[in-house]
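Working notes, structure below.
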Amino acid sequence: MNQAEHDLLVIDAQDGSRTALDELVRHHHRNLLRFAYSLCRDTALAQDAVQDAWIKVAGRLRRLDDPRAFRGWIYHAVRWRVIDLLKRSHRGDRVLEAADADVETSAGDEDRDRRIDLGAAISGLPGADRETLQLFYVSGLTVAEIVVVLNIPAGTVKSRLHRARNQLRQHFEGENDEHR
């Protein structure tokens, strides 16, 4: 779906179209679940957080001034709902800090090993850098959208991405040196 189609769906949903809202849910739900799970590593909590965020966003959709801000807005809502649910479950920062990268293991052994290595390297990043990397590369958000989700300046987003990339590069360069 291109940006114009997405924006029109948001506008239609703001005007009360249930079909448009359903299409937005279909389009974003899976990635929001992945994002929520990456924060808490709890499937049920992630599902609850995403569902609660959709309910909240649906009720406040008319307040959104710019349809292009929708994606950042929904990710922001999911992030805060995960944090709220973690606090209520008394797991808070321990879980957020322990969360690691989402690694699939369904392909061949070599590909799986590379993804596991990458997942391990990503899980070794500081929580804020890991979360920013997740939003940018896995969820596909832009720097401007990440600014909205994390409520930080664009320069901070760029710094975190730069730092995380450098740490991953160093990790794999060091690993390659060991195998020589």
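The values are calculated or read from the model by the stated rules, or taken from the named source; none is laboratory data. These numbers were taken from a predicted model, which means no experiment stands behind them. Cβ placement follows ideal geometry from the backbone for every residue including glycine, while neighbour counts extend to all protein chains displayed.
Give me the pairs, please: first residue somewhere in the stretch 119-132 and closer than 14 Å to Val157 by Cα, second residue anywhere and surrounded by fewer than 16 Cβ atoms within 10 Å (Cβ to Cβ), beta-carbon distance under 7 Å, and either six or more positions apart or on two chains.
Gly127/Glu97
Across the stretch 141-153, which residue is surrounded by the fewest Cβ atoms within 10 Å (Cβ to Cβ) among those that are within 25 Å of His27 (Cβ to Cβ) and over 13 Å from the mean Cα position of the chain (by Cα)?
Here the answer is Asn151.
Can you find, within the stretch 36-81, the residue that is farthest from Arg130 (Cα to Cα) among those that are assigned to a loop (DSSP other than H, G, I, E, B) and over 14 Å from the mean Cα position of the chain (by Cα)?
Asp65
Does Ser38 meet the test of being under 30 Å from Phe172 (Cβ atoms), polar (S, T, N, Q) and modelled with pLDDT under 90?
Taking the combined requirement at face value, the residue satisfies it.
Determine, yes or no, whether Asp22 is over 15 Å from the mean Cα position of the chain (by Cα), among the acidic types (Asp, Glu) and assigned by TED's automatic domain parsing to the domain that holds Gly72.
Answer is yes for this residue.
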